[in-house]
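S.K.: Structure incoming, see below.
Derivation of every value follows stated rules applied to the coordinates shown; laboratory data play no part. Not measured: the values here are computed from a predicted model. Reconstructed Cβ throughout: ideal geometry from the backbone, glycine too, with neighbour counts over all protein chains shown.
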Amino acid sequence: MTIKVLAFAGSPRRHGNSETLLDWVLAAMGQDPDVSIEKVPLTEANINPCRGCNACEKLNRCIQRDGLDTYHDKIIEADCIILSSPIFCLGLCSQVKALVDRAQVFRSRKYVLKLPVVPVERKGKRLAIFLATAGQTWPHVFDAAVPSVKCFYHVIDIKDADISYLMINGVDESGAILHHPTAQADAEKLAAGVLAEQKKRLAAGPV
Amino acid sequence: MTIKVLGISGSPRRHGNTETLLDSFLDGAKSAGAEVEKVVLKDIDYSPCRGCNACHKTGECIVKDDAPALFEKMFAADCVAVASPIYSMGITAQLKGFIDRAQYLWARKFILKTLDFSEDYIRRHKGVFISTAGQNWDHVFDGAFPAITALFHGTGFDYSDNIIANNMDQYGGIKNHPTALKDAFAKGKEIAELLGSRKNP
């Protein structure tokens, strides 16, 4: 059994705090021989913002031809989908928001056209992780990002209860997360927990 | 002196619900004698913040495009109305892309301490958020407010009003909403008059 993990590194800054957090999760998951990981830095993914044209409500596909053509299929094929973002101005960075907004094509498929997003036998078998870092120390610094993340996962058929979160505040300058007392251990624990649950779900057979 | 009101439209769709609501606000301000201008983000050239933090040292953005000029335009205005539809429980990526670029102003204010707004200055500058959402949930705008707060806080505006209308999908568009367009017009007029009285006592 291969477990497909698709991970979007959303920060415009390569190898910064949110990507490091993601790398810890992926390294822990990658130790398992059954796991196949694809990591996608959004800086290289060529995913443009949604144009709000609503054509997807009729066409069941986006009229834009860009990186989402590739990742649309990968999002459907993956078992576990991970998104990492730094918090900019109390929200997702705009690069991540662009990906979230482009998931409109899945929303149209699910809620307007009433078509399946994933085959019925894979429903309830997909898990998600949201990772975020913020420079601010406020505990509410992630509050505005989470609803958009939930939207993204809901429209690709991952329920609230199947989304795990690790959000680390108070890490601002590049590399600050390396000095965080628990972030790496928390990331590894999260990876192990999600992977164990993922295996359980996939082993359980069709729902 | 004439009051200047700047509208910034963050919708990728021209003349949709949100921009129409913004237009009504701007018309109201105009009716009170304000000079109004509208900038449509989809028609200007800017890219998202790269998170390079170079501005933390220099107070300048290394990306040379239309974004800094639009922030300058904000500084020249007495009132700025920022408009975005709600996409996925937040503002559009287009507007978030512009707001994230204000990082160099944040750096000036909080790191370099070269930018400061007096209480009196903020009192004379008002920021308004204008939005529409298809969903009928009351909390559908909650994820949008913090980024707007960050923008106005960093640029010296008293974020005083939200002009928001949900449930667009049910109404079949803003034109069928019983009160939103009238309320936006009235608010534009009221703010232009208020700021006018403060500018020309």
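S.K.: Relative to the Cα centre, what is the charge dipole magnitude of the protein assembly as shown, using +1 at the beta carbon of each Lys and Arg, -1 at the beta carbon of each Asp and Glu, and rounding to the nearest 20 debye? Walk me through the numbers before you get to the answer.
M.R.: On the way: 49 positive and 47 negative charges, 136 e Å.
Dipole magnitude for the protein assembly as shown comes out near 660 debye.
S.K.: On a 25 Å Cα-Cα criterion, which of the cross-link pairs A:150/B:57; B:4/B:57; A:123/A:150; A:150/A:200; B:73/B:126; B:64/B:126 come out too long?
M.R.: Going by Cα-Cα distance, A:150/B:57; B:4/B:57; B:64/B:126 fall outside the 25 Å limit.
S.K.: Please report the Cα spread of the stretch B:68-172 along all three principal axes, rounded to whole Å, starting with the longest.
M.R.: Principal extents (Cα only, largest first): 48, 24, 22 Å.
S.K.: Per residue of A:141-148, how many C-beta atoms from partner chains lie within 10 Å of its own C-beta, taken as a mean? Spell out each step's value before the answer.
M.R.: On the way: counts 1, 0, 3, 12, 5, 2, 9, 9.
Average per residue, whole number: 5.
S.K.: What residues have an amide H closer than 5 Å to that of residue A:3, excluding those fewer than 5 places away on the same chain, when H is modeled at 1.01 Å from N in the peptide plane?
M.R.: A:35, A:36
S.K.: Can you sort A:108, B:9 from fewest to most other Cβ atoms within 10 Å of each residue's own Cβ? Walk me through the numbers on the way to the answer.
M.R.: Numbers: A:108 21, B:9 29.
With the sparsest Cβ surroundings first, the list reads A:108, B:9.
S.K.: Dipole of chain A, Cα-centred, from +1 at each Lys and Arg C-beta and -1 at each Asp and Glu C-beta, to the nearest 20 debye? Could you put the intermediate results ahead of the total?
M.R.: On the way: 25 positive and 23 negative charges, 183 e Å.
The calculation lands at about 880 debye.
S.K.: Given the rule -39500 (n - 2.57) for each run of at least 4 DSSP H residues, summed and divided by the residues of chain B, what is its mean residue ellipticity at 222 nm, to the nearest 500 deg cm²/dmol? Write down the numbers at each step before the final one.
M.R.: Working: 9 runs with 80 residues, N = 201.
Value at 222 nm, helices only: -11000 deg cm²/dmol.
S.K.: Based on DSSP, what percent of beta bridges with both residues in the stretch B:1-110 are antiparallel, to the nearest 5? Can you show the working numbers first?
M.R.: Numbers: 1 of 12 bridges.
Roughly 10 percent of the DSSP beta bridges within the stretch B:1-110 come out antiparallel.
S.K.: How many angstrom separate the Cα center of the stretch A:13-37 from the Cα center of the stretch A:166-182?
M.R.: With the stretch A:13-37 and the stretch A:166-182 each reduced to a Cα centre, they are spaced 16 Å.
S.K.: Please list, in chain and number order, the residues 5+ apart from residue A:165 or on another chain whose amide H is under 5 Å from its amide H, with Hs placed from the backbone.
M.R.: Answer set, sorted by chain and number: A:130.
S.K.: Provide the convex hull volume over Cα atoms per residue for chain B, in Å³.
M.R.: On the way: hull volume 22.1 nm³, N = 201.
Looking at chain B, the number lands at 110 Å³ per residue.
S.K.: Provide Rg and Dmax in Å for the stretch A:19-141, with only Cα atoms included in the calculation.
M.R.: 15.9, 44
S.K.: Here is a further query. Please report Rg over Rh for the protein assembly as shown, where both radii come from the alpha carbon positions and Rh follows the Kirkwood definition.
M.R.: Details: Rg = 22.0 Å, Rh = 22.2 Å.
The Rg/Rh ratio comes out at 0.99.
S.K.: While we're looking at this one, here's another question. Which cross-chain or sequence-distant (5 or more) residues have an amide H under 5 Å from the amide H of residue B:163, H modelled 1.01 Å from N in plane?
M.R.: B:129, B:130, B:131
S.K.: Once every DSSP H run of n ≥ 4 in chain A is given -39500 (n - 2.57) and the sum is divided by its residues, what mean residue ellipticity at 222 nm do you get, rounded to the nearest 500 deg cm²/dmol? Intermediate values should be presented prior to the final figure.
M.R.: Values: 7 runs with 73 residues, N = 207.
Value at 222 nm, helices only, nearest 500: -10500 deg cm²/dmol.
S.K.: Sort A:167, B:1 so the one with the fewest other Cβ atoms within 10 Å of its own Cβ comes first. Display every interim value, and only then the final one.
M.R.: Values: A:167 19, B:1 7.
In increasing order of surrounding Cβ atoms, one gets B:1, A:167.
S.K.: Based on Cβ point charges of +1 for Lys and Arg and -1 for Asp and Glu, what charge dipole magnitude is obtained for the stretch A:1-105 about its Cα centre, in debye rounded to the nearest 20?
M.R.: Details: 11 positive and 13 negative charges, 95 e Å.
Dipole of the stretch A:1-105, to the nearest 20 debye: 460 debye.
S.K.: Sticking to Cα atoms, compute the Rg of the stretch B:17-78 to one decimal and its Dmax as the biggest Cα-Cα distance, whole number, in Å.
M.R.: 15.3, 44
S.K.: Please give the Cα centre distance for the stretch B:143-201 versus the stretch B:34-67, rounded to the nearest Å.
M.R.: 23
S.K.: Of A:189/B:113; A:97/B:189; A:97/B:38; A:110/B:187, which sit over 29 Å apart, Cα to Cα? Mind showing how you got there, number by number?
M.R.: Details: A:189/B:113 41 Å; A:97/B:189 34 Å; A:97/B:38 24 Å; A:110/B:187 38 Å.
Beyond 29 Å: A:189/B:113; A:97/B:189; A:110/B:187.
S.K.: Another one. Please compute, over every Cα-Cα pair in chain A, the percentage with a separation greater than 22 angstrom.
M.R.: Details: 10028 of 21321 pairs.
More than 22 Å apart: 47 percent of the Cα pairs in chain A.
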